[in-house]
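Down below is the structure, laid out as structure tokens.
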Amino acid sequence: MRLVPRGTYAPDAAEPHIGATVCAAFLEFYRAPRSAAVYNLGGSRANSVSILEAIARLQDLTGMTLSVEYVETSLLGDHITYISDLRRLWADYPPWEITRSLDDIFRELTDR
């Protein structure tokens, strides 16, 4: 694995179950659409993690040391971190929720 400066890049693609969560949000919107509403479907503070935090958690769960190479040059368009604000989505669609915690996801990835 190659790390870019600051080691804080946290892509949503790391969450393998994001599709189900997004579909559930779309279903809530379909059931009760709102005109001109815009929502962010990220993981919020509770389900956000930097790549360094993810590596540490995976190493803790597996007892293995991951091979990591630090690269000084950032990728074009990278940002340090972004935490989604889900308050508007939760206010408009209280039934919608994040279905898996980060610990659940890490345990599923490692079968631990």
Practice item. Mind ranking 45-57, 80-92 by how tightly packed they are, going by the mean number of other C-beta atoms within 10 angstrom, highest first? Key: 45-57, 80-92
Check your understanding: Considering only Thr81, Ile98, Thr110, whose Cα is most displaced toward the positive end of the charge dipole of the range 15-112, charges sitting on Cβ of Lys, Arg (+1) and Asp, Glu (-1)?
Key -> Ile98
Exercise for review: Multiply the residue separation of Gln59 and Ala20 by 0.36 nm, subtract the distance between their alpha-carbon atoms, and state the gained length in nm to one decimal.
Suggested key: 11.4 nm
Check your understanding: Sorted by mean Cβ packing within 10 Å, highest first, what order do the peptides 28-37, 102-111 take?
Key -> 102-111, 28-37
Practice item. Extending each Cα 7 Å along its Cβ direction at Trp90 and Tyr30, get the distance between those two points in nm, one decimal. Key: 2.5
Exercise for review: Could you calculate the FRET efficiency of Thr81 with Ala37 from 1/(1 + (r/R0)^6), where r is the beta carbon distance between them and R0 is 35 Å, rounded to 0.05?
Suggested key: 0.85
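Coordinate-derived values only; no laboratory data. All figures in this text were calculated on a predicted structure; none of them were measured in a lab. Backbone-built Cβ (ideal geometry, glycine too); neighbour counts: all protein chains shown.
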